[in-house]
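Structure, as structure tokens:
The values are calculated or read from the model by the stated rules, or taken from the named source; none is laboratory data. Quantities reported herein were computed from a predicted structural model and do not represent experimental measurements. In this analysis, Cβ positions are derived from the backbone assuming ideal geometry, glycine residues included, and neighbour counts consider all displayed protein chains.
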Amino acid sequence: MRKLQNGVILATISLGIDKTNSVYNWGMEKAEIIVFDLDQTLTESKSPLDVEMNDLLCDLLRIKKVAVISGASFKQFQDQFLDHLVCPPELLSKLYLLPTDGAAFYEYKDKWQCVYNHALAVEEKQKIIKAFEETFLETGFKREERIFGELIEDRGSQITFSGLGMKAPIELKEKWDPDRKKREVLEENLLKKIPEYSIKLGGTTSIDITPKGIDKAFGIEALMKNLNLSKEQVFYVGDAFYKDGNDTSIIRLNIGYKSVGDPGIEDTKQFIREFIKQSQMGV
Ligand SMILES: [Mg+2]
């Protein structure tokens, strides 16, 4: 698919479906950094990075910079991604992490270092949590009997609701709100209470609240500024481009992007393989 927006061509590609699609080459040729979403793109929701994806990312890091942006906290990045990433340190220096939808930014210089972190003030956090509590009552939301971890988590620069708790098994999470209807009811009510915040559905059970203006587009703009990259040099891969999905803000950046399908993980692996192949061919 390709479409014109503000005079700039955006590329969404479907590798494995139409490998002859020339939009693929067009969208990738100037890419210097590939930015990935985490949940349902590089890993299953809140699940460890697998060995095959690790190897593909290391191979990609040998030829390009890589960034990962997610609603997850840095702690969650560590548990889910960094603890399972086996890459030589010289490659890690080409990897950038943007937890909490880019409200925080980390780079590797002998160790992971925070470049910036826009944390929410205590009063802001209290206001958001109160809005959730009122929303549960007003919408008749039924809290699940078993919550794995916290229902509402303070991630510093973001407050995140996870319907079954962040640590719930993926099999349960996938069944909890597959059509997003449960979360949309909550989202609608929250929008009335805290319209000054950005409210995004992410993963399989989550609602992420961040200060307005802080979303993945913000994070990627900060990344471009920090690394002195132009829009043509950035390519994005994510799974949640639906209405109010946590990848949708990317579209307004007018950068090339790929929406990975179902299952997103396999689609992403295929994308990386094809990208490396095309790069080696000098395309
Ligand atoms: Mg995702």
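Of everything in segment 246-283 that is charged (D, E, K, R), at pLDDT 90 or above and within 16 Å of the ligand (Cβ to nearest atom), the residue that is nearest to Phe218 (Cα to Cα) is Asp247. Before we move on, is Thr100 touching a Phe, Trp or Tyr at 6+ places or on another chain (Cβ under 9 Å), at pLDDT below 95, surrounded by 12 or more Cβ atoms within 10 Å (Cβ to Cβ) and of a type in the set (Ser, Thr, Tyr)? Spelling it out, Thr100 is indeed touching a Phe, Trp or Tyr at 6+ places or on another chain (Cβ under 9 Å), at pLDDT below 95, surrounded by 12 or more Cβ atoms within 10 Å (Cβ to Cβ) and of a type in the set (Ser, Thr, Tyr). Could you check segment 81-110 and list, in sequence order, the residues that are in a loop (DSSP other than H, G, I, E, B) and not small (Gly, Ala, Ser)? Scanning segment 81-110 gives Phe81, Leu85, Val86, Cys87, Pro88, Lys94, Pro99, Lys109, Asp110.
The condition of being within 27 Å of Lys200 (Cα to Cα) and within 16 Å of the ligand (Cβ to nearest atom) does not hold for Phe74. Scanning segment 169-209 for residues that are out of contact with any Phe, Trp or Tyr (no Cβ under 7 Å at 6 or more places or on another chain) and assigned to a strand (DSSP E or B) turns up Tyr197, Ser198, Ile199, Lys200, Leu201, Gly202, Asp208. Would you pick out the residues in segment 38-63 that are assigned to a loop (DSSP other than H, G, I, E, B) and farther than 18 Å from Val260 by Cα? Hits for segment 38-63 are Pro48, Arg62, Ile63.
Could you check, for segment 214-223, whether at least one of its residues is in contact (Cβ under 8 Å) with a residue 24 or more places away in the chain and either within 11 Å of the ligand (Cβ to nearest atom) or hydroxyl-bearing (Ser, Thr, Tyr) (or both)? Yes, some residue in segment 214-223 is in contact (Cβ under 8 Å) with a residue 24 or more places away in the chain and either within 11 Å of the ligand (Cβ to nearest atom) or hydroxyl-bearing (Ser, Thr, Tyr) (or both).
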